[in-house]
Amino acid sequence: MTTSEALSIYCIRIADNAVILAHRLSEWSGHAPILEEDIAMSNMALDFIGQAQGFYTYAGKLEGKGRTEDDFAYHRDTREYTNCFLVEQPNGDFASTMLRSFFYCSFAYLQFKALTKSKDETISGLAEKSLKEIIYHVRHSSDWMIRLGDGTDESHRRAQNAVDDLWSYTHELFDMNEVDTLLMQEGVAFELAALRSEWDLMVEEVFAKATLKKPAPGGYQSKGGIIGLHSEHLGYILAEMQALPRMYPDAKW
């Protein structure tokens, strides 16, 4: 595997996480508990779509097969997607949606922060642009987790249930394979596992303010998404997300 091939796969992985989470957030449009939040989640979904578009575009350039961001997003099947299990999980209630965003965005913040130092100038540029958006997303989701966790008995119960349901998917965020190993040697990527302790601190700080408890270690979902294995939910997401471009192949986003 060449560096260009590995970097293309790496970019697709980042973009897949972004585009699937964007779709999940877009499902709240018109259904959020308050109008302001309806607009906020729609805007965050647009931010993730923009991130996905940038990384897909670069992946296509590196791949050299003429594929565009539309091809990556709308004309691949579930086994070709490499997103993590966390982002494809159902929205559930508002607490579950906010916690999913908090877990992923805290990770993405650390990931993009590290990638701003990548030797690949395109990657560092995409990471720097994405980082500005992710900082807001982390603050937004953190504030909501504190409000819910340290709020009423009902909101606390729902927030803790979300933690118990989604915690097992967080370990996969730090999974790596031969793609990461090659890019680390070239100074393009970095060791994801090295981010785990800092991510834990971010989570623990918010959980302390939200009076939420981390589940006991164990039972983690690991090494699935990056090799194309997914939960049953991704197929339903793609069926909805890809319906129009599959029917009209020349449609553009």
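Before moving on, here are some points about what is shown:
- Accessible area in square angstrom per residue, the stretch 128-253, 1.4 angstrom probe: 55 Å²
- The accessible-area ordering, largest first, of the residues D164, D16, D93 stands as D164, D93, D16, per a 1.4 angstrom probe.
- Estimated from the Cβ-Cβ distance and a Förster radius of 25 angstrom, the FRET efficiency linking A216 and R79 is about 0.20.
- Per residue, the convex hull spanned by the Cα atoms of the stretch 98-253 amounts to 155 cubic angstrom.
- Here the label points at E186 and K65, each 7 Å from Cα along the C-beta direction, are separated by 1.7 nm in the simple model.
- Virtual paramagnetic centre 7 Å along Cα→Cβ of K209, amide N under 18 Å, in the stretch 108-135: 108-110, 134-135
- Were the residues from I34 through D150 laid out at 0.36 nm apart, the gain over their Cα-Cα distance would be 39.8 nm.
- Computed over protein heavy atoms with a 1.4 angstrom probe, the accessible surface ordering of D150, D71, largest first, is D150, D71.
- List W144, W199, ordered by accessible area with a 1.4 Å probe, largest first: W144, W199
- K117/R157 FRET efficiency (R0 41 Å; Cβ-Cβ; nearest 0.05): 0.45
- Alpha carbon centroid spacing (whole Å) that separates the stretch 118-151 from the stretch 12-55: 13 Å
The values are calculated or read from the model by the stated rules, or taken from the named source; none is laboratory data. Note that the coordinates shown come from a computational prediction; the quantities given were computed from them, not determined experimentally. Neighbour counts are summed over all protein chains in view; Cβ atoms, including those assigned to glycine, are modelled from backbone coordinates with ideal geometry. Side chains are part of the model used for accessible areas, which takes the heavy atoms of the whole protein and leaves out ligands, DNA and RNA. Shrake-Rupley method; radii C 1.70, N 1.55, O 1.52, S 1.80 Å.
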